[in-house]
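J.: Take this structure first; my questions come after.
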Amino acid sequence: MILFKKAAELSEYTDDQRRNGKRTGFAPTMGALHAGHISLVEYSKMENDITVSSIFINPTQFNDPKDFEKYPVTIERDIEMLEAAGCDLLFIPSVQEIYPSGFNHTKKYELGFLETVLEGKYRPGHYQGVCMVMERLLKIVMPDNLYLGQKDYQQCMVIKKLIEMIGLDKIINVNICPTLREADGLAMSSRNMRLNKEERESAATIFKALSLIKSNTGFKNIELLEQDAKKVLEEKKFKVDYVEIANADNLEEIKNWDGKKKMVALTAAYLNDIRLIDNLILN
Ligand code: AMP
């Protein structure tokens, strides 16, 4: 695996590969890697000649400075894991390399409705930061295929929209990969490393609450499904930001299900100061 710290050097390398007809897959991350991240690299390896990953804890997407400060860093282990997975190129830029003119930006990404609901509503500015870093990373790597996790359902939609907005949708193909879970159903997440033993046991309740919605879909009305799931979480001391059942295609809230629309249940909840998110397609 070749490690790059400089954007220009990585671009030069991937440009060269492209000229030689090689297909490039890209799996961006913020590090503290787990099997979910590695699965993106594995998908990429199956479908491309070259697989690129990146590790960059993007300051502009943290609306809560404490979350940024406490974000886990396990860089040496991450490098070993990527190397073992057969990743070809790894980009580990400095903040200066990604934001040479600082964070003060004038560009506003018009994400519309997507930014007003769920994560957009509860994490103001978060998706502006995601777009800032993704636009930069995509233009540096210029992959044929981008690999994202369904775990961050709304983020996948935001990034797809960004790719259209910056006119790269004919070049970059977005692949959304399934959420990898622990044996008890907890979605793998870098933030899980921060959970203590007791919190870790409770954390599986998120998947239980979403599964409860799924198993009762069609039998109970939507509001009741949401309320039941919220209750299950609160009984385990979660502070719930939202439990919402939405149209899986556009994240519009669903109040009454017509039996046809594809639906997704999404939740975000805190265990003490650790915020966890997850989602499940219902039908
Ligand atoms: P992050 O490092 O949290 O920014 O995540 C980097 C990429 O890994 C994103 O596309 C995530 O959606 C994806 N990802 C995170 N957790 C999982 C998981 N449990 N299963 C599959 N992909 C994941």
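J.: How much area per residue is accessible in the chain when the probe is 1.4 Å and only protein heavy atoms are counted (Å²)? The partial results should precede the final answer.
T.: Numbers: 13670 Å² over 283 residues.
Heavy-atom accessible area per residue stands at 48 Å².
J.: Output the antiparallel fraction of DSSP beta bridges having both residues in the chain, as a percent to the nearest 5. Could you put the intermediate results ahead of the total?
T.: Values: 18 of 38 bridges.
Looking only at bridges with both residues in the chain, the antiparallel portion is about 45 percent.
J.: Additional query: Beta carbons within 10 angstrom, averaged per residue: use that to sort the peptides 7-16, 272-281, 30-39, highest first.
T.: Values: 7-16: 15.4, 272-281: 18.7, 30-39: 20.4.
By packing density, highest mean first, the sequence is 30-39, 272-281, 7-16.
J.: In nm², what is the average projected area of the convex hull enclosing the Cα atoms of segment 1-90?
T.: On the way: hull surface 24.7 nm².
Its Cα hull, projected and averaged over all orientations, spans 6.2 nm².
J.: Related question: Which value does Rg/Rh take for the chain over its C-alpha atoms, Rh per Kirkwood?
T.: Details: Rg = 19.1 Å, Rh = 19.8 Å.
Taking Rh as the inverse mean 1/r over Cα pairs, Rg/Rh reads 0.97.
J.: Let me ask you something else. Pull up all non-local amide H partners of Asp241: gap of 5 or more, or a different chain, and H-to-H distance under 5 Å with H placed in the peptide plane.
T.: Ala268, Ala269, Tyr270
J.: Between the helical axis of 205-216 and the dominant principal axis of the chain, each derived from Cα atoms, what acute angle in degrees is found, rounded to the nearest 10?
T.: Between helix and principal axis, roughly 60 degrees.
J.: While we're on this one: Kindly write out, for segment 238-248 in residue order, the coupling ³J(HN,Hα) from the Karplus curve 6.51 cos²θ - 1.76 cosθ + 1.60 (θ = phi - 60°), rounded to whole Hz, with x marking Gly and Pro.
T.: So the Karplus estimates, Gly and Pro as x, are 6, 9, 8, 6, 7, 10, 9, 9, 9, 5, 5 Hz.
J.: Restricting to segment 154-283, compute how many DSSP beta bridges are antiparallel as a %, nearest 5.
T.: Working: 18 of 19 bridges.
DSSP beta bridges in segment 154-283 are roughly 95 percent antiparallel.
J.: If you don't mind, there's one more thing I want to ask. Rounding to the nearest 10 and keeping the result within 0 to 90°, find how far the Cα-based axis of helix 7-19 lies from the longest principal axis of the chain.
T.: For 7-19 against the chain, the angle is about 80 degrees.
J.: Enumerate the lysines that Lys45 could reach by cross-link, defined here as Cα to Cα under 29 Å, with residues fewer than 8 away along the same chain left out.
T.: List returned: Lys5, Lys6, Lys22, Lys139, Lys151, Lys160, Lys161, Lys170.
J.: Shifting gears a bit: Roughly how tilted is helix 222-235, in degrees to the nearest 10 and between 0 and 90, from the longest Cα axis of the chain?
T.: Orientation of helix 222-235: about 80 degrees from the principal axis.
J.: If you take all C-alpha pairs in segment 129-206, what percent of them are over 17 Å apart? Spell out each step's value before the answer.
T.: On the way: 1594 of 3003 pairs.
Counting every Cα pair in segment 129-206, those more than 17 Å apart make up 53 percent.
J.: Moving on to the next point. Using only alpha carbon pairs under 8 Å that are at least six residues apart, calculate the relative contact order of segment 31-97 and give it in whole percent. Before the final figure, lay out the partial values.
T.: Working: 57 pairs, mean separation 35.8, N = 67.
Taking the mean separation of contacting Cα pairs over the length of segment 31-97, I get 53 percent.
J.: With an 8 Å cut-off on Cα pairs and a minimum separation of 6 or more residues, tell me the relative contact order of the chain in percent.
T.: Numbers: 468 pairs, mean separation 47.8, N = 283.
It comes to 17 percent, rounded to a whole number.
J.: Something else about it: For Ile2 and Lys22 in one chain, what is 0.36 nm times their gap in residues minus the Cα-Cα distance, to one decimal in nm? Could you put the intermediate results ahead of the total?
T.: Details: separation 20, 0.36 × 20 = 7.20 nm, distance 1.64 nm.
Result: 5.6 nm gained on full extension.
J.: Right, next: Can you pull the percent of the chain's accessible area that's carbon plus sulfur, 1.4 Å probe, other chains left in place?
T.: 50 percent
J.: Another one. Taking the square root of 5 times each eigenvalue of the Cα gyration tensor, what semi-axes in Å does the equivalent ellipsoid of segment 184-283 have, largest first?
T.: Numbers: eigenvalues 122, 33, 24 Å².
For segment 184-283, the semi-axes come out at 25, 13, 11 Å.
J.: While we're looking at this one, here's another question. Which far-off residues, 5 or more places away or on another chain, put their amide H under 5 Å from the one on Arg23, with H placed in the peptide plane?
T.: Long-range HN contacts for Arg23: Asp49, Ile50.
J.: Something else now. At a 10 angstrom cut-off on C-beta neighbours, averaged per residue, how do the peptides 225-237, 166-178 rank from highest to lowest?
T.: Numbers: 225-237: 17.7, 166-178: 14.0.
Put in order of decreasing packing, that is 225-237, 166-178.
J.: Need one word for segment 17-56: rounded, prolate or oblate. Basis is the Cα gyration tensor (sqrt eigenvalues a ≥ b ≥ c); a/c below 1.5 gives rounded, then a/b vs b/c decides. All intermediate terms of the calculation are to be shown ahead of the outcome.
T.: Values: a/c = 4.89, a/b = 1.85, b/c = 2.65.
Because a/c hits 1.5 or more and a/b fails to exceed b/c, segment 17-56 counts as oblate.
The values are calculated or read from the model by the stated rules, or taken from the named source; none is laboratory data. Fair warning: this is a prediction, and the values are worked out from it, not measured in the lab. Quick reminder, even Gly has a Cβ in these numbers, built from the backbone with ideal geometry, and neighbours come from all protein chains shown. For accessibility, only protein heavy atoms count, side chains too; no ligands or nucleic acids. Shrake-Rupley method; radii C 1.70, N 1.55, O 1.52, S 1.80 Å.
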